[in-house]
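Take a look at the structure below.
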Amino acid sequence: MAHLRESAEKALKMLRTLPRVQIGNIRPNPNSKKNTKRGRAQHSGDKHGAGNKGSGQRQNYMRIGYETGNNPFYLRFPYEPYYKGHHLRRQYPPLSLLQLQVLLDTNRIDPKQPIDVTTLCNTGLLNLQPASMEYGFQLTDDGIDRFKAKICIEVQHAKESVIAAIEKNGGVIRTAYYDPRSLQAMVNPQKWFEKGEPIPRRLLPPQDAVEYYASAKNRGYLADPEEISKERLVLAQKYGYELPRIEDDPDYEMLISQKDARQIFYGLEPGWVIGLRDKVIVKSKGFPEEPSNTKAKKDGTS
Amino acid sequence: MLNLLNKTKCILIPNLRKTASRATHDVVKESSSEVAVSKTTTAPLILPQNWPQYEPMNRAVSRQVWIENIDDVPERKVGIIELHPDVFATQPRVDVIQENIEWQRKYRYVSFAHTKTRAEVRGGGRKPWPQKGMGRARHGSIRSPLFRGGGVAHGPRSPTTHFYMLPFYKRVMGLTATLSVKLAQDDLHVIDTVDVPTQDPQFIKELIKERNWGPSVLIVDRDDIFPENISYATDALSYVNLMPSYGLNTYSMLKHDTLVLTVNAVKHIEERLLYQLHRTDAIKKQGKFKLDQV
């Protein structure tokens with residue numbers, strides 16, 4: 001930013017000796033405007049830059065990859081397995097630890113609250129498109145040495161080193177699966193609530209993802225909690241750090257807060273309808289009435 | 001360089017304030033003597049701004065401007081105010097200012113130029129002469145565009161709107177750039193209030209002449225209801241206009257030679273623009289403009 005500041009100072013200094021900027025003496029940047037009219041004379045007349053006949057004039061360009069009769073490159077090799085089923089594969093857009101640290105440092109994320117997809121999307125800097133096969137965020141290890149925050153975070157995919165980095169600081173990480181419809185509700189809860197639809201029930205992971213989310217090594221949400229605490233110790237020994245005792249932590253309640261496997265929002269259960277205008281929660285009959293009605297709502301939408 | 005930038009406006013650098021260059025000394029002396037002779041006994045208005053959320057990256061580049069009086073024709077320095085560099089000393093993007101001017105002209109412009117097509121011109125239903133055998137060119141209607149008195153092909157049709165929206169942050173940048181340009185060219189003045197003693201336009205005329213403002217002056221205050229005196233005094237002067245700070249726009253600022261802001265207006269403009277520059281849901285403002293959006 002410093003160079004911008006410097007150039008601004010220079011420009012402002014220059015303006016002092018220039019005539020007053022007025023409506024009559026300003027003009028757009030050169031070549032920024034495209035003339036919609038076709039010239040008629042020497043420089044842009046004749047064919048108007050479209051060439052003589054053919055695709056240039058008629059805009060009937062050949063299809064992409066067509067090599068005017070040659071065996072096209074994309075058909076020349078009979079088998080490309082590495083893209084097989086690419087349109088069906090789950091994508092996990094990356095979120096680096098450095099980015100996360102910046103979001104925390106700039107108060108875009110409150111470290112005193114558990115972090116999930118909704119929190120990340122509410123920062124305004126990250127976005128998910130569940131409709132285009134994006135199934136959540138993966139936490140990558142860029143900036144791992146600078147990560148200093150103690151957080152409780154839930155992502156959809158994380159490497160072992162990332163898990164170690166978070167647990168070293170006394171934080172908790174879980175990997176959890178969300179189906180696209182649930183994710184759609186999480187990306188923009190306000191929009192979902194305004195539709196008046198009940199909160200959907202989170203589906204269980206598909207067959208090929210069960211193994212990942214049931215593994216304690218990956219801190220999967222379907223794993224046995226005791227296995228996870230064992231794996232925490234194993235990882236601490238492997239990476240050589242002392243595991244902070246989260247039981248003694250003042251934020252213990254926050255750190256252990258976890259969603260149910262069928263739950264989408266903290267404090268809100270599937271089947272409930274949220275009325276934003278009247279600030280009410282309409283619960284379905286199957287669930288018992290809770291006294292802390294308003295509190296639960298606050299947790300869910302914050 | 002900063003001293004060059006500021007003849008009457010010096011930069012506040014706390015450590016160097018006492019050891020500033022001679023130019024600054026002169027200004028200080030001048031102002032202090034003037035304050036001494038002035039009849040009023042009120043303390044000078046020293047307003048170092050304390051932007052709680054939006055602290056500038058470098059405090060030293062924030063601008064300082066004299067607060068002037070408007071209750072008397074001769075100039076008296078009432079105090080000093082600090083201005084945020086992100087609003088009052090940004091990159092003077094003249095091209096963005098131009099885009100704003102063009103947008104402000106166009107978005108409300110509806111062209112009523114109108115021509116009739118061959119179908120709309122009266123008559124011309126029958127074939128003027130047979131297709132063959134006359135030795136004349138073939139024609140089907142006397143109102144074809146080829147005919148005198150015929151319809152116009154591809155002529156202007158009324159009403160044609162020229163509405164479009166400039167991207168939101170270009171509009172914000174237009175405001176900050178214009179304010180910066182005005183300040184850099186000594187065309188921005190800050191006054192304490194808009195209370196003038198008389199309803200006489202002659203007072204305003206003399207004031208403008210004495211202060212070397214103008215000829216055209218835009219006076220901006222926080223409120224949209226101005227005191228009676230200044231309203232009457234400026235009413236007859238077409239080149240002196242009053243505007244609330246929420247109505248501040250690039251076109252009006254550039255249309256007037258001198259921009260005069262009250263202290264309240266400065267604070268309001270600064271607060272609003274800094275909010276827009278730093279808001280976290282900025283991505284929502286950058287979407288495509290829809291007519292029914294809030």
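The values are calculated or read from the model by the stated rules, or taken from the named source; none is laboratory data. Not measured: the values here are computed from a predicted model. Ideal geometry is used to build each Cβ from the backbone, glycine not excepted, and the neighbour counts take in all protein chains shown.
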Pick from A:Y82, A:Y61, A:Y66: which is part of a helix (DSSP H, G or I) and away from chain B (no Cβ under 13 Å)? A:Y82
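How many residues does the range B:130-170 hold that are among the hydrophobic types (A, V, I, L, M, F, W, C), over 30 Å from B:H114 (Cα atoms) and without any contact (Cβ under 8 Å) to a residue 60 or more places away in the chain?
Residues of the range B:130-170 among the hydrophobic types (A, V, I, L, M, F, W, C): B:134, B:137, B:142, B:146-147, B:152-153, B:163, B:165-166, B:168.
Add one more test, that the residue is over 30 Å from B:H114 (Cα atoms), and what stays is B:134, B:168.
Restricting the remaining residues to those that are without any contact (Cβ under 8 Å) to a residue 60 or more places away in the chain gives B:134.
Qualifying residue count for the region: 1.
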Quick check: anything in the range B:140-153 away from chain A (no Cβ under 14 Å), within 22 Å of B:G247 (Cα to Cα) and either assigned to a loop (DSSP other than H, G, I, E, B) or not hydrophobic (A, V, I, L, M, F, W, C) (or both)? no
Of the residues that sit in the range B:127-172 and are surrounded by fewer than 19 Cβ atoms within 10 Å (Cβ to Cβ) and polar (S, T, N, Q), which one is farthest from B:S62 (Cα to Cα)? B:Q131
Flagged pairs (Cβ under 8 angstrom, 6 or more apart or on separate chains; first in the range B:259-276, in contact (Cβ under 8 Å) with a residue 40 or more places away in the chain; second in a helix (DSSP H, G or I) and acidic (D, E)) are B:L273/B:D86; B:L274/B:D86
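Among the residues of the range A:14-24, is there at least one that is among the β-branched types (V, I, T) and surrounded by 12 or more Cβ atoms within 10 Å (Cβ to Cβ)?
The answer is yes, given that some residue of the range A:14-24 is among the β-branched types (V, I, T) and surrounded by 12 or more Cβ atoms within 10 Å (Cβ to Cβ).
Can you report the number of residues in the range A:210-219 which are surrounded by 18 or more Cβ atoms within 10 Å (Cβ to Cβ) and either modelled with pLDDT under 95 or within 11 Å of A:Q156 (Cβ to Cβ) (or both)? Working first, answer last.
The initial filter retains those residues of the range A:210-219 that are surrounded by 18 or more Cβ atoms within 10 Å (Cβ to Cβ), namely A:213, A:216, A:218-219.
Pick out the ones that are also either modelled with pLDDT under 95 or within 11 Å of A:Q156 (Cβ to Cβ) (or both) and you get A:213, A:218.
Going through the range A:210-219 one residue at a time, the tally reaches 2.
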Among B:L242, B:L207, B:L218, the single one that is surrounded by 15 or more Cβ atoms within 10 Å (Cβ to Cβ), assigned by TED's automatic domain parsing to the domain that holds B:M253 and part of a helix (DSSP H, G or I) is B:L207
Matching residues in the range A:18-50 - criterion: being over 46 Å from the mean Cα position of the chain (by Cα), outside any loop (DSSP other than H, G, I, E, B) and at the interface with another protein chain (Cβ under 7 Å from one of its Cβ atoms): none
Quick check: is even one residue across the range A:102-111 free of Cβ contacts under 8 Å to residues at least 60 places away in the same chain, within 22 Å of A:D260 (Cα to Cα) and buried (at least 16 other Cβ atoms within 10 Å of the Cβ)? yes
Those residues of the range A:115-148 which are within 14 Å of chain B (Cβ to nearest Cβ) and not in a loop (DSSP other than H, G, I, E, B) amount to A:T119, A:L120, A:C121, A:N122
Hits in the range A:3-17 - residues which are within 8 Å of chain B (Cβ to nearest Cβ) and farther than 16 Å from B:T176 by Cα: A:K13, A:R16
Could you tell me whether A:N107 is within 10 Å of chain B (Cβ to nearest Cβ), within 30 Å of A:Q129 (Cβ to Cβ) and in a loop (DSSP other than H, G, I, E, B)? yes
Of the residues that sit in the range B:173-194 and are crowded, with 19+ Cβ neighbours inside 10 Å and of a type in the set (V, I, T), which one is nearest to the chain's Cα centre (by Cα)? B:T178
Of the residues in the range A:92-107 that are polar (S, T, N, Q) and at pLDDT below 95, the one that is farthest from A:T118 (Cα to Cα) is A:T106
Consider A:E67 against the criteria (1) surrounded by 10 or more Cβ atoms within 10 Å (Cβ to Cβ); (2) within 30 Å of B:N100 (Cβ to Cβ); (3) modelled with pLDDT of 85 or more: it satisfies all of them except one. Which criterion is unmet? (2)
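Okay, residues lined up against (1) in contact (Cβ under 8 Å) with a residue 40 or more places away in the chain; (2) assigned by TED's automatic domain parsing to the domain that holds B:R148; (3) out of contact with any Leu (no Cβ under 6 Å at 6 or more places or on another chain):
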residue	(1), (2), (3)
B:Q64	yes, no, no
B:N69	yes, no, yes
B:D72	yes, no, yes
B:K106	yes, no, yes
B:R122	no, yes, yes
So, in the range B:83-98, of the ones that are in contact (Cβ under 8 Å) with a residue 60 or more places away in the chain and touching a Lys or Arg at 6+ places or on another chain (Cβ under 7 Å), which residue ends up nearest to the other protein chains (Cβ to nearest Cβ)? B:A89
What residue, of B:L259, B:L254, B:L277, is within 14 Å of chain A (Cβ to nearest Cβ) and touching a Lys or Arg at 6+ places or on another chain (Cβ under 7 Å)? B:L259
Is it the case, given these coordinates, that A:R76 is surrounded by 11 or more Cβ atoms within 10 Å (Cβ to Cβ), under 39 Å from the mean Cα position of the chain (by Cα) and basic (K, R)? no
Quick count over the range B:221-235, residues being aliphatic (A, V, I, L, M) and surrounded by fewer than 17 Cβ atoms within 10 Å (Cβ to Cβ), is 1
Only residues that are among the acidic types (D, E) and at pLDDT 95 or above: list them for the range B:211-233, please. B:D221, B:E228
